[in-house]
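Asks: Dropping the structure in here first, questions after.
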Amino acid sequence: MKRIYLDNAATTPLSDEARAAMQPYGAELFGNADSRHSFGRDAAAALASARARIAGCIGAAPEEIYFTSGGTESDNWALKGAAFAKGRGRVIVSAVEHPAVYESARQLERLGYPLSVLPVDGEGFVRPQSLADSVGEDVVLVSVMTANNETGSIQPVRELADIAHSCGALFHTDAVQAAGSIPLDVKALGCDMLSLSAHKFGGPKGFGALYVKEGVRLETLHSGGEQERGRRGGTSDVAGACGTAAALEAAVARMREESARVRALKESFVRRVREGIPGVCVHGTLDAERTLPGIVNLGFDGVTGEEILFSLDLAGVAASNGSACSAGSTAPSRTLLAMGLSPAEAKGAVRFSFGRGNTEDDAEEASAALKSIVERLRAR
Ligand code: PLP
């Protein structure tokens with residue numbers, strides 16, 4: 001059976017560029033980048049080059065890039081590191097943040113940092129005015145993601161960063177879904193910190209980076225050796241860094257062409273679904289200016305996302321919902337609830353995310369499979 005992968009927002013396959021870049025750093029160039037002999041120097045040189053190349057992809061200086069174990073660690077470090085360094089103060093996050101940000105903010109709240117959660121509109125966008133209404137001198141940190149993992153909505157990051165700065169707060173953005181899909185420039189975004197995760201753009205799993213603007217103070221969360229300029233201890237993952245640099249550079253180099261191609265696939269899929277199936281709605285928007293190319297979140301009247309996903313999987317089509325599964329029960333997505341959906345509507349949602357490996361045939365075959373599944377489920 002042919003399998004169709006429409007879950008690129010969950011993870012992506014390793015790109016050829018990343019695989020080739022990582023290959024020598026397993027057995028051949030295995031040195032510890034902190035060793036003083038030639039093996040170590042080779043590793044350190046590769047690490048420095050990867051750092052500079054990743055920095056170059058987002059308009060940062062190499063010294064502003066810190067390597068981490070992925071988006072989750074970058075987000076945790078940005079929020080807790082900045083809050084701990086600033087001392088007591090209020091934290092503001094949006095209602096649609098990934099759990100890596102949201103739960104970090106909730107933990108800070110339990111530790112005595114008051115938390116304000118910004119609402120979003122029906123399409124999942126944070127209105128700058130709601131941040132302007134919420135900020136004050138007591139705020140130490142604002143964190144709003146660059147683009148949402150469930151709906152693809154791109155937030156007005158620059159405006160939000162300016163508002164945060166107007167009251168002296170730091171601004172962090174989780175760019176995990178945006179990186180490799182839309183242009184990112186830390187200066188144009190105006191952020192103090194930005195999180196990246198390699199496996200979302202063809203890099204290895206378990207590797208990420210945090211951009212920290214020069215001069216921003218962050219408390220260390222990983223105490224240990226002097227790695228990452230003494231701010232994050234632990235032996236450096238040289239292969240991960242090289243794979244990430246290669247994957248990000250390749251994604252940026254083909255971004256213009258690939259984004260247009262992937263967006264066209266998504267739009268073709270949605271058109272086919274809407275033509276073939278009544279009672280379908282888009283949660284969020286398809287507006288090309290304000291959404292990531294590959295992500296669309298669809299709701300189907302009268303059936304749950306779980307049922308659809310189960311049947312799609314049997315038909316070889318991999319998609320997802322944004323819900324957190326815990327103890328066997330699936331909670332409705334916090335993001336969709338924040339957008340004003342009822343719990344029942346939120347449970348009916350399915351996220352399809354297109355990527356580099358997808359073709360027009362995938363869009364056609366997946367929409368046909370979806371049509372027969374929804375018809376069958378509705379006919380029960
Ligand atoms: N932030 C966002 C927006 C994400 O979509 C994800 C992963 O799904 C993460 C953070 C976590 O990244 P990682 O899987 O590298 O820990």
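The values are calculated or read from the model by the stated rules, or taken from the named source; none is laboratory data. All values reported here derive from a predicted model rather than from experimental measurement. No Cβ is skipped: glycine too gets one built from the backbone with ideal geometry, and neighbour counts run over all protein chains shown.
Asks: Only residues in segment 223-245 that are assigned by TED's automatic domain parsing to the domain that holds Ala20 count as the first member; pair them with residues that are surrounded by fewer than 21 Cβ atoms within 10 Å (Cβ to Cβ) and assigned to a helix (DSSP H, G or I), Cβ under 6 angstrom, at least 6 apart or cross-chain, and list the lot.
Replies: If the second residue must be surrounded by fewer than 21 Cβ atoms within 10 Å (Cβ to Cβ) and assigned to a helix (DSSP H, G or I), the pairs left are Ala245/Arg53.
Asks: Six or more apart or on different chains, Cβ atoms under 7 Å: show the pairs whose first residue is in segment 12-28 and in the same structural domain as Gly202 (by TED's automatic domain parsing) and whose second is surrounded by 14 or more Cβ atoms within 10 Å (Cβ to Cβ) and β-branched (Val, Ile, Thr).
Replies: As it stands, the answer is Tyr25/Val238, since those pairs meet every condition given.
Asks: Would you tally the residues in segment 56-102 being surrounded by fewer than 22 Cβ atoms within 10 Å (Cβ to Cβ) and at positive phi?
Replies: Final tally of qualifying residues: 3.
Asks: Is at least one residue of segment 34-43 over 30 Å from Leu314 (Cβ atoms) and buried (at least 20 other Cβ atoms within 10 Å of the Cβ)?
Replies: yes
Asks: Still on this model: Scan segment 368-378 and tell me whether some residue there is polar (S, T, N, Q), farther than 28 Å from Val126 by Cβ, outside the structural domain of Val126 (by TED's automatic domain parsing) and at pLDDT 95 or above.
Replies: yes
Asks: Here is a list: Glu249, Glu214, Glu228, Glu219. Which entry is among the acidic types (Asp, Glu) and touching a His at 6+ places or on another chain (Cβ under 9 Å)?
Replies: Glu228
Asks: Select the helices (runs of 4 or more DSSP H) contained entirely in segment 37-138, then report the ones holding at least 1 residues which are more than 16 Å from the ligand (Cβ to nearest atom).
Replies: Ranges flagged: 38-57, 82-86, 99-110, 128-134.
Asks: Out of everything in segment 146-163 that is over 18 Å from Ala349 (Cβ atoms) and part of a loop (DSSP other than H, G, I, E, B), what residue ends up being nearest to the ligand (Cβ to nearest atom)?
Replies: It comes out as Thr146.
Asks: I'd like to check which strands (runs of 3 or more DSSP E) are fully inside segment 164-274 and have at least 1 residues that are aliphatic (A, V, I, L, M) and within 16 Å of the ligand (Cβ to nearest atom).
Replies: Because the criterion is at least 1 residues that are aliphatic (A, V, I, L, M) and within 16 Å of the ligand (Cβ to nearest atom), the strands (runs of 3 or more DSSP E) in segment 164-274 that meet it are 193-197, 208-212.
Asks: Here is a follow-up. Take segment 277-303 and flag every residue that is assigned to a loop (DSSP other than H, G, I, E, B) and under 25 Å from the mean Cα position of the chain (by Cα).
Replies: Within segment 277-303, His283, Gly284, Thr285, Leu286, Asp287, Ala288, Glu289, Arg290, Leu292, Pro293, Gly294 meet the criteria.
Asks: On to the next question. Working only within segment 16-36, note down all residues that are of a type in the set (Ser, Thr, Tyr) and either assigned to a helix (DSSP H, G or I) or within 16 Å of the ligand (Cβ to nearest atom) (or both).
Replies: Tyr25
Asks: Read through the list (1) loosely packed, with under 15 Cβ neighbours inside 10 Å; (2) more than 30 Å from Thr151 (Cα to Cα); (3) in contact with a strand residue (DSSP E or B) (Cβ under 8 Å, 6 or more places away or on another chain), then give the number of the only condition that Arg3 fails.
Replies: (2)
Asks: For Thr291, work out the one condition from (1) closer than 28 Å to Glu103 by Cβ; (2) touching a helix residue (DSSP H, G or I) at 6+ places or on another chain (Cβ under 7 Å); (3) modelled with pLDDT of 95 or more it doesn't fulfil.
Replies: All conditions pass for Thr291, except number (2).
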